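Only one structure is covered here, and it is reproduced in the block below.
The values are calculated or read from the model by the stated rules, or taken from the named source; none is laboratory data. In this text the structure is predicted, and so the values were computed from the model without any measurement. Because the Cβ atoms are built from the backbone with ideal geometry, glycine has one as well, and the counts that use them run over all protein chains shown. Accessible surface is based on the protein model in full, side chains and every heavy atom, while ligands, DNA and RNA are left aside. Shrake-Rupley method; radii C 1.70, N 1.55, O 1.52, S 1.80 Å.
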Amino acid sequence: QLQASGGGLVQAGGSLRLSCAASGRTFSRYTMGWFRQAPGKEREFVAAISWSGGSTNYADSVKGRSTISRDNAKNTVHLQMNSLKPEDTAAYYCAVSSTSPTAQRMGVMRDDYWGQGTQVTVSS
């Protein structure tokens with residue numbers, strides 16, 4: 001089970017730190033990632049990090065403004081988002097997959113698990 005948290009309402013230019021905690025099993029050998037879905041839009045990739053933390057991948061829309069990290073000892077993944085924009089408003093979902101961060105960016109998931117979303121709303 002994946003439990004996401006940390007969403008909220010923030011003004012444009014602000015920051016949020018999303019967290020996702022896994023329970024029930026360990027995902028230390030899985031790539032962990034974040035996706036988001038805005039109303040009326042398809043789900044899109046945001047960021048992913050390899051099991052070792054040595055490889056990351058970001059969507060162009062958040063690159064330079066976001067940092068993904070993980071703590072395998074705590075079975076958690078975090079997404080620090082800075083300089084938030086109204087277009088970042090969406091429900092954010094964490095997911096794990098046995099595919100690489102690059103593959104996740106291309107939408108290739110395998111042996112995947114998904115958490116429930118946490119809402120991020122950025123006001124202008």
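Quick look at the values:
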| read-out | value |
| --- | --- |
| Per-region count, the stretch 63-88, residues among the polar types (S, T, N, Q) and open to solvent by 40 Å² or more (accessible area, probe 1.4 Å) | 6 |
| Check on Ser124, on the phi > 0 side of the Ramachandran plot, touching a residue at least 60 places away in the same chain (Cβ under 8 Å) and in contact with a Lys or Arg (Cβ under 9 Å, 6 or more places away or on another chain) | no |
| Pair list, Cβ < 9 Å and 6+ apart or interchain, from the stretch 6-29 residues that are on the phi > 0 side of the Ramachandran plot and in contact (Cβ under 8 Å) with a residue 40 or more places away in the chain to residues that are open to solvent by 30 Å² or more (accessible area, probe 1.4 Å) and part of a loop (DSSP other than H, G, I, E, B) | Gly13/Asn82; Gly13/Ser83; Gly13/Lys85 |
| Check on Trp34, open to solvent by 20 Å² or more (accessible area, probe 1.4 Å), of a type in the set (A, V, I, L, M, F, W, C) and within 15 Å of the chain's Cα centre (by Cα) | no |
| Criterion violated by Met109 - all others in (1) at pLDDT 95 or above; (2) buried (at least 18 other Cβ atoms within 10 Å of the Cβ); (3) of a type in the set (A, V, I, L, M) satisfied | (1) |
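Each row is one residue, and each column tells you yes or no for (1) within 18 Å of Arg105 (Cβ to Cβ); (2) among the hydrophobic types (A, V, I, L, M, F, W, C).
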site: Ala12; (1), (2): no, yes
site: Arg25; (1), (2): no, no
site: Arg36; (1), (2): yes, no
site: Gly40; (1), (2): no, no
site: Arg43; (1), (2): yes, no
site: Gly53; (1), (2): yes, no
site: Asp60; (1), (2): yes, no
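Residue by residue, here is whether (1) over 12 Å from Asp88 (Cα atoms); (2) at pLDDT 95 or above; (3) in contact with a Cys (Cβ under 6 Å, 6 or more places away or on another chain); (4) surrounded by 14 or more Cβ atoms within 10 Å (Cβ to Cβ) holds:
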position: Gln1; (1), (2), (3), (4): yes, no, no, no
position: Leu9; (1), (2), (3), (4): no, yes, no, no
position: Gly14; (1), (2), (3), (4): no, yes, no, yes
position: Leu18; (1), (2), (3), (4): yes, yes, no, yes
position: Glu42; (1), (2), (3), (4): yes, yes, no, no
position: Ala47; (1), (2), (3), (4): yes, yes, no, yes
position: Asn57; (1), (2), (3), (4): yes, yes, no, yes
